[in-house]
């Protein structure tokens, strides 16, 4: 019955359509022209609309593979500006002090490693590797070529993780963090209010970590590996915070030295002493 209803929809709508809910009423709208206006009318942000359209694109590909539609709809996303919101070190100190003890370790992991919330919340004991000199976490990541990436964990977080595992007697596939997202979100809002921080989301902890690492001089290819970026272009957003990328003067100084130039001189110019024949 469902298949027959599906086929009837496609027969009646030559333009690819998707079911869309508006309030309590379901309706169909064309992907190419109707979806974006519908979502904007619902006051959805452009970034949210783009995320929805990505999901629709994946669904359309599946439908085409199944032979339900002949071609994928043309999906045009909104142009959005790159949004990088992060905390300065003094703000991080106040924010962490505003968190209650049960939440502090999880948010330390977010700020200290740059993990996405889902990645941090899903950490299991078996995902951690505690070495003699360093600790790392194995993260399942569909964006990486191997499907798994290795994330470095600093010492000041490693100690807390070890204590948590020992105190709760965790092992194997036991999850280290079991706090629901909604509870963490409420705690985050509470801490931001106490710390006087506005328009800052839990996901922005990832930006805070990335900016801090870039400022420390971490090469961008290493930062891309830590964050699990699919392309280096995503990591280049943080290049302006990296001193090796932000301050280009040393490179020009090296070029000047290779050309035999000094400040204020020009290639091929003759010094006043050379013109008058005065001894060097």
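The values are calculated or read from the model by the stated rules, or taken from the named source; none is laboratory data. Just so we're clear, the structure is a prediction, and the values are computed from it rather than from any experiment. Note that we place each Cβ from the backbone using ideal geometry, even for glycine, and neighbour counts take in every protein chain shown.
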Tally of residues being within 24 Å of residue 150 (Cβ to Cβ) and crowded, with 17+ Cβ neighbours inside 10 Å across region 186-203: 1
Some residue of region 47-66 being touching a helix residue (DSSP H, G or I) at 6+ places or on another chain (Cβ under 8 Å), outside the structural domain of residue 212 (by TED's automatic domain parsing) and within 17 Å of residue 199 (Cα to Cα): yes
Residue within region 183-201 that is assigned by TED's automatic domain parsing to the domain that holds residue 137, free of Cβ contacts under 8 Å to residues at least 60 places away in the same chain and more than 26 Å from residue 88 (Cβ to Cβ) present: yes
Among (1) closer than 27 Å to residue 127 by Cβ; (2) in contact with a helix residue (DSSP H, G or I) (Cβ under 6 Å, 6 or more places away or on another chain); (3) modelled with pLDDT under 95 - the single one residue 205 does not satisfy: (3)
Residue 240, sole failed condition from (1) surrounded by 11 or more Cβ atoms within 10 Å (Cβ to Cβ); (2) at pLDDT 95 or above: (2)
Helices (runs of 4 or more DSSP H) lying entirely in region 117-200 (those with 2 or more residues that are within 23 Å of residue 224 (Cβ to Cβ)): 117-121, 155-168
Residues of region 123-139 satisfying the condition of being out of contact with any strand residue (DSSP E or B) (no Cβ under 6 Å at 6 or more places or on another chain) and at pLDDT below 95: 130, 131, 132, 133, 134
Top-ranked residue of region 150-179 - restricted to ones that are within 21 Å of the chain's Cα centre (by Cα) and within 16 Å of residue 118 (Cα to Cα), ranked as surrounded by the most Cβ atoms within 10 Å (Cβ to Cβ): 151
